[in-house]
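Working notes for the structure below.
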Amino acid sequence: MVDDEMGAIEYPVDGTLDLHMFAPEDTKEAVLEYIRVCLEKNILKLRIVHGKGIGVKREIVRKLLESHPQVKSFHHEGGSGGGWGATVVDLKP
């Protein structure tokens, strides 16, 4: 992923996006770009870590995923994998 305003920022695209480093106002753009790049790399199972906090990023992510045409399904991660602090996403091929 790249940030043109501040220069190139490399972010690993391995199916896990940790939103802790992004401001809430950058969350939507970060998730959309990450989904786009994952689809290009044929990564169809994602884990989006939005944190537990007060739920601002979680709600942004949830609303985006509900309307994204390439999202097959999503759910909160269970067990020791983050619980409601992370969302697992299945993308359409």
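The values are calculated or read from the model by the stated rules, or taken from the named source; none is laboratory data. Predicted model, so just to flag it, every value in this text is computed and none were measured. When we count neighbours, we look across all protein chains shown, and the Cβ atoms used for this are built from the backbone with ideal geometry, even at glycine.
Of everything in region 39-59, what is of a type in the set (A, V, I, L, M, F, W, C) and in contact with a Leu (Cβ under 9 Å, 6 or more places away or on another chain)? Give them in sequence order. Across region 39-59, the qualifying residues are Leu39, Ile43, Leu44, Leu46, Ile48, Val49. If you go through region 1-20 and keep only what is part of a loop (DSSP other than H, G, I, E, B), surrounded by 13 or more Cβ atoms within 10 Å (Cβ to Cβ) and at pLDDT 90 or above, you end up with Val13, Gly15. Residue count for region 21-48 under the criterion of being more than 19 Å from Ser67 (Cα to Cα) and either under 11 Å from the mean Cα position of the chain (by Cα) or surrounded by 15 or more Cβ atoms within 10 Å (Cβ to Cβ) (or both): the result is 2. The single condition among (1) farther than 17 Å from Lys28 by Cα; (2) under 14 Å from the mean Cα position of the chain (by Cα); (3) modelled with pLDDT of 95 or more that His76 does not satisfy is (3).
Every listed requirement among (1) surrounded by 16 or more Cβ atoms within 10 Å (Cβ to Cβ); (2) touching a Leu at 6+ places or on another chain (Cβ under 9 Å); (3) of a type outside the set (Asp, Glu) is met by Leu65 save one, (2).
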